[in-house]
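J.: For reference, the structure I am asking about is given below.
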Amino acid sequence: MIDPKTDVLRRVYGLYVLIVIFALAIIANILIIQIRDKEELEEYAEKNELKVREETAFRGNVFSNDGSLLATSVPVYNIRFDATAPNEELFNNNVKALADSLSRIFKDKSKKNYEKMLRKARDNKQKYVKIANKVSMGDLKRLKTFPIFKEGQYKGGIIAEKSYARKLPYGKLAARTIGYVRESADVYVGLEGAFNESLKGKHGRQMVRKLSGGYWMPIPSSENVEPKNGDDIYTSIDIDIQDVAESALEKCLIDNDALQGCVVLMDVKSGFVEVMASLSYNEKSSEYEEEYNFALRHNVEPGSTFKALTMITLMENDPNFNVDGKLHLGKTDMKKFYGRQMRDSHIVTDDNGYTTIRNAFEQSSNIAFATLVDETFKNNPDRFIELIYQTKIHEPLNLDIKGEAKPDIKTTKDKRWSKLSLPWMSIGYEVLLTPIQILTLYNAIANDGVMVKPQFVKEIRHGNEVKQVFDTIVINERIASAETISTLKSLLEGVVKNGTAKALNKLGFSVAGKTGTAQISQGKAGYNKKNYTATFVGYFPADNPKYSCIIVVSNPRGGRYYGSSVSAPVFKEIAERVYATKLCFDEEQREYQYDDSTFTKASMVYYDDFVSYCNENDRSFVSNAKNEEWVKVSIVNNETVLNDVAIEEGVVPDVKGMNVTDAVSLLETMGWDVDFNGFGKVKSQSVQAGTELTKGKTIRLTLSRK
């Protein structure tokens, strides 16, 4: 008698052997296909003209800190013509009319030249003739009504290949910070470049077979992969303040005939950048444009703004250092250090040649700080460098946006070091920092000594799913002792109350900061009195810092070149706007409250957008809409109600209050061309709602933030 246990084991082993044999058979077949049948299969694929076509993923959107759309993708089409598709009668009877229509819509060739091109393609039996690239959806709809083309792809020969083009609803506003990507040229700029992997998604694959007539038909295949759309990034950019900053900076550059300048505004505690603008003069266009990220990529000698760091070295080196102590400089505005003359903009001493260190800081005396540093560190200059390095200002910030210039604060071992280095470094020469690196130091002072990394993106989302949240990154827990930071704060407030930035003392809130004016090095030619960098960097409110800000203006040639008269007015305008819109209310008043006025003020909104918004905010609504596409939102008896919107073919709808991307998409879908100026939401439209309008006509939209 067979033991039952033994019988079970035999069956298990037998099953195992069968599975192994089956697996080996599969592997053998795969090898046969790959080796023996490879050429035969390739010949079959070539004969049947099979190929795998890439399916483009939709690139994710870029949003501002209030959810405004900063960058999005819109569908565009490359138009091709299969000249063999129309029959002889259709082609000959309509080719002139088609040529006329094409010349009218594209205006790049005459009717005669278009006809010549179409006939030549017909004679040569061309199946893929280029008509136009990056055609809008509205123009595609018009093309499909043209003679021959209106017969469709198979009889009329029109081929429309869909792709996506990047659009910036706010135009040039923050354009360099938003950036762009040109993968074919390996160019990655701004946030688009930094977060390209998240934004671009994953392209899919589709097996297609070529049919007669040259058309490719998708077919089922294990090779097929659906594209995965890109993620959205939610930035810290405040588009309203960005607008104020760019306008103020441009006016400053024009008034002072300057070559370039930048503004950066940062949240003190978190380090999130809410404004970054860089403008430079373009001689070809005679306009100021954002061609180059001056704030990140351009190293400058910081001039007197470096004196805050110099004060840190003096106070950290000697705990008993007294900023109210007196210093004898004599009654002069010049002094020689190792044979080289240094000047002050004005005499800062009293009748006996004395000044306090506090007054020297407020009045930005070069001679005072060069004297203090030289006397303190000349026997041990390494100590000066060590104390600077303890702040970590010499290390790159490793920002998300690429292209940051490296700080250059040399050591005594550097071949460029000389006896002049100590006095000149003390006043911000012979060192190089970018504007955002300077701001990071001052932000740390405002933040009680905690240095945080500047960041630009708060979240990455895929639809309503939050995939990544960016928290504050601390670079240095403490750049200096609490006593040093406290004293330095009082000194920076003194600059505004009593010193070189007194013009900012008239604001309705307190400000602390430092002016800086530095001659620009001309290389081997040294320095001259024509080229300057004017800077103001500070924070507000001084008694409870919320925001830090830097303004740097390069090469002002209008007669003024001091930071107090060139850059400080820009700071004033930005700070006033920020304070009025963000800081002048009590914390309780500034708590977030649900507000659907964005939707109720619009003539219509996209149904899915509003539903997503309500879901995110746990907001209920009543829907009377039968067509869940475009709806009108209104408040009735404290209830949010959705109703249908009547959209009539050929009749211009009311798009006022709509998001520009929605308005453009709707109008182009209905067959009209759209131009717009300004930024924000639609304020007015050139063709009144309810007007019957021929397709192909242009509707102009005026946009506004309000």
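The values are calculated or read from the model by the stated rules, or taken from the named source; none is laboratory data. Predicted, not measured: the structure shown is a model, and the values here were computed from it. We place every Cβ from the backbone using ideal geometry, glycine too, and count neighbours over all the protein chains shown. The accessibility values were calculated without ligands, DNA or RNA, using every heavy atom of the protein model including side chains. Shrake-Rupley method; radii C 1.70, N 1.55, O 1.52, S 1.80 Å.
J.: Quick one: angle between helix 660-669 and the longest Cα principal axis of the chain, in degrees between 0 and 90, rounded to 10, please.
T.: That helix lies at roughly 20 degrees to the long axis.
J.: In units of 2.2 N^0.38 Å, what is the alpha-carbon radius of gyration of region 294-443?
T.: Cα Rg divided by the expected 2.2 N^0.38 Å: 1.06.
J.: In 5 Å bins starting at zero, report the fraction of Cα pairs in region 45-156 per bin as a rounded %.
T.: Result returned by the calculation: 2, 10, 17, 19, 15, 10, 10, 8, 5, 3, 1, 0.
J.: Normalised by the residues of region 358-499, what does the relative contact order come to in percent, with Cα pairs under 8 Å and at least six apart?
T.: So the answer I get is 27 percent.
J.: At a Cα cut-off below 20 Å, give the aspartates and glutamates reachable from K582, other chains included and same-chain residues fewer than 8 away excluded.
T.: D66, D238, D240, D243, E246, D267, E274, D543, E573, E591, D595, D596
J.: Give K326/K497; K331/K514; K392/K467; K392/K489; K144/K601; K413/K546 a once-over and call out the pairs whose C-alpha atoms are over 29 Å from each other.
T.: Beyond 29 Å: K392/K467; K144/K601; K413/K546.
J.: Turning to a different aspect of this structure: Any chance you could run the full-extension gain for L507 through V466? It's 0.36 nm times the residue separation minus the Cα-Cα distance, nm to one decimal.
T.: Value of the extension gain: 10.7 nm.
J.: For region 610-706, just the Cα set please: Rg and Dmax, both in angstrom.
T.: Just the Cα atoms of region 610-706 yield Rg and Dmax of 14.7, 43 Å.
J.: Any idea what diffusion coefficient region 382-484 gets from Stokes-Einstein, in µm²/s, Kirkwood Rh on alpha carbon pairs, 4 °C, 1.567 mPa s?
T.: Estimated via Stokes-Einstein, D reaches 83 µm²/s.
J.: Can you work out the FRET efficiency for the pair D255 and N352, with r the C-beta to C-beta distance and R0 = 35 Å, to the nearest 0.05?
T.: Approximately 0.30, to the nearest 0.05.
J.: What is the projected area of the convex hull of the Cα atoms of region 125-230, averaged over all directions, in nm²?
T.: 9.6
J.: Shifting gears a bit: Any chance you could list the semi-axes, whole Å, largest first, of the equivalent ellipsoid that the Cα gyration tensor gives for the chain, using √(5λ)?
T.: Sorted largest first and rounded, they come to 60, 35, 28 Å.
J.: Let's test the formula: R0 of 41 Å, r as the Cβ-Cβ distance of I635 and T669. What FRET efficiency results, to the nearest 0.05?
T.: Between I635 and T669 the formula returns 0.90.
J.: Only Cα pairs under 8 Å and at least 6 apart count here; give the relative contact order of region 247-367 as a rounded whole percent.
T.: Once normalised by length, the contact order is 16 percent.
J.: Right, here's the next one. How would you rank 540-551, 249-260, highest first, on the average number of other Cβ atoms within 10 Å across their residues?
T.: 540-551, 249-260
J.: Go through region 442-509 and name the GluC sites (Glu not before Pro) that are in a DSSP coil and have 16 or fewer other Cβ atoms within 10 Å of their Cβ.
T.: Sparse-neighbourhood loop GluC sites (Glu not before Pro): E477.
J.: Helix 307-317 sits at what angle to the longest principal axis of the chain, using alpha carbons and giving 0 to 90 degrees rounded to 10?
T.: For 307-317 against the chain, the angle is about 60 degrees.
J.: Here's a follow-up. If the reach is capped at under 17 angstrom between alpha carbons, list the aspartates and glutamates near K112, excluding any in the same chain fewer than eight residues apart.
T.: D100, D123
J.: In whole Hz, with x marking every Gly and Pro, tabulate ³J(HN,Hα) for region 289-297 from phi via Karplus 6.51 cos²θ - 1.76 cosθ + 1.60, θ = phi - 60°.
T.: 9, 9, 8, 8, 7, 4, 5, 9, 9
J.: Quote the accessible area belonging to Y292 in square angstrom, nearest 10, computed with a 1.4 Å probe and with ligands, DNA and RNA left uncounted.
T.: It works out to around 70 Å².
J.: Using a 10 Å cut-off on Cβ atoms, rank the peptides 265-278, 110-123 from the highest mean neighbour count down.
T.: Top to bottom by mean Cβ count within 10 Å: 265-278, 110-123.
J.: Pop a pseudo-label 7 angstrom from the Cα along the beta-carbon direction at both F22 and S221 and give the gap in nm to one decimal.
T.: 2.9
J.: Given the DSSP H assignment, sum -39500 (n - 2.57) over each helix run of at least 4 residues in the chain and divide by its residue total; what's the result at 222 nm in deg cm²/dmol, nearest 500?
T.: When only DSSP H runs of four or more count, the value is -10000 deg cm²/dmol.
J.: Determine the sum of side-chain charges near A295: Lys and Arg each +1, Asp and Glu each -1, restricted to other residues whose C-beta is under 14 angstrom from that of A295.
T.: Its environment carries a net charge of -3.
J.: Per residue, how big is the convex hull around the C-alpha atoms of region 638-681? Give it to me in cubic angstrom, could you?
T.: Here the figure is 94 Å³ per residue.
J.: Mind checking region 646-688 for GluC sites (Glu not before Pro) that DSSP puts in a loop (not H, G, I, E or B) and that have at most 12 other Cβ atoms within 10 Å?
T.: Counting only loop positions with at most 12 other Cβ atoms within 10 Å, the GluC sites (Glu not before Pro) in region 646-688 are E648, E649.
J.: With a cut-off of 8 Å between alpha carbons and a minimum separation of six or more residues, what is the relative contact order of the chain in percent?
T.: Reported as a whole number, the value is 12 percent.
J.: Taking a label point 7 Å from the Cα of E49 along the Cα→Cβ vector, which residues of region 135-154 have an amide N closer than 16 Å to it?
T.: 154
J.: Could I ask something else about it? State the Kirkwood hydrodynamic radius of region 289-377 in Å, one decimal place, computed from all pairs of distinct Cα atoms.
T.: 14.5
J.: So, counting K/R as plus one and D/E as minus one, what does the shell of residues with Cβ under 15 Å around Q455 add up to?
T.: In short, -3.
J.: Quickly rank 76-89, 363-376 as a protection proxy: mean count of other C-beta atoms within 10 Å, highest first.
T.: Descending mean neighbour count gives 363-376, 76-89.
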